[in-house]
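Engineer: This structure is in C-alpha cells; I'll ask about it shortly.
Read-outs: derived from the displayed coordinates by stated rules, not from any lab. Because the structure is a prediction, the values reported are computed rather than measured. As a convention, Cβ positions derive from the backbone with ideal geometry for all residues, glycine included, and neighbour counts pool all protein chains shown.
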Amino acid sequence: MEFLNDNTYLLTEMSEDKTYAFDKSNPVKVGGLSPSNERAFLNALLGPNGEEVKYFRAGSCCHFKTPNGLVGDGGLLDLYRVFWEGASDTLDIYINMYDKGDLKIPLGLKAKKK
C-alpha cells in the first residue's frame, strides 16, 4: 500500500460496489490490527465535491469470523461516522482491521491526491 504521508493512504481505485464500506457485510479491510491503519484510510477520503472530511469512531460492532482475530477465531468491525461541511448527515463506514483487502474509494466520495 502506498502512502501520501505518514498517516494517509494513497487511494487510486474507485469501488464499483455501492455496499463497499457502507454495509457491515462489505467492510474496508485495512489489516494490521491497528487503529492507525483505519485512520490512514479515513484520512485519505474527501467529500463528494472535494470537501475535507472529519470522522469519529462510533464504536465496535458486528462480530465475524477471521483467522486473524486477537482472541479465538473472531473480530469486531469498527464503525466510523464520516461528515464534511455542508453534509446533511453522517455516513457510516465499517472497517475491518484484522484482514487485508484492496483499499478503494467508496462510491460517492473522492480521495486526496499527490
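Engineer: Counting Lys and Arg as +1 and Asp and Glu as -1, each charge on the Cβ, what is the dipole of the chain about the Cα centre in debye, to the nearest 20?
Structural biologist: 100 debye
Engineer: A further question on this structure: Report, for the chain, the % of DSSP beta bridges that are antiparallel, rounded to 5.
Structural biologist: If I count the DSSP bridges inside the chain, around 90 percent turn out antiparallel.
Engineer: Could you compute the FRET efficiency for N5 and E51, with r as their C-beta to C-beta distance and R0 at 22 Å, rounded to 0.05?
Structural biologist: The formula returns an efficiency of 0.70 here.
Engineer: Using a 10 Å cut-off on Cβ atoms, rank the peptides 54-60, 42-48 from the highest mean neighbour count down.
Structural biologist: 42-48, 54-60
Engineer: Can you pull the one-decimal nm distance between simple spin-label points at K100 and H63, each 7 Å off the Cα toward Cβ?
Structural biologist: It works out to 2.8 nm between the two label points.
Engineer: Cα atoms only: what Rg and Dmax, in Å, come out for segment 1-62?
Structural biologist: 12.1, 31
Engineer: Ok, one more. Would you mind checking segment 55-69 for residues with the amide N under 16 Å from a putative spin-label position 7 Å along Cα→C-beta of L33?
Structural biologist: Output list for this probe position: 66-69.
Engineer: Between segment 69-114 and segment 6-44, how many Å separate their Cα centres?
Structural biologist: Spelled out, the Cα-based centre of one part sits 5 Å from the other.
Engineer: Under a point spin-label approximation (7 Å from Cα along Cα-to-Cβ), what is the T12-D73 distance to one decimal in nm?
Structural biologist: Label at T12, label at D73, 3.7 nm between them.
Engineer: Please list, in chain and number order, the residues 5+ apart from A111 or on another chain whose amide H is under 5 Å from its amide H, with Hs placed from the backbone.
Structural biologist: Hits under the 5 Å cutoff: L46.
Engineer: Another question, then. For the chain, what are the per-bin percents of Cα-Cα distances with bins 10 Å wide, up to the bin holding the maximum?
Structural biologist: Going out from 0 Å in 10 Å bins, the chain shows 15, 49, 30, 5, 0 percent.
Engineer: Apply the Karplus curve 6.51 cos²θ - 1.76 cosθ + 1.60, θ = phi - 60°, to the phi angles in segment 43-49 and return the couplings in whole Hz, x for Gly and Pro.
Structural biologist: Couplings: 5, 7, 8, 10, x, x, 10 Hz.
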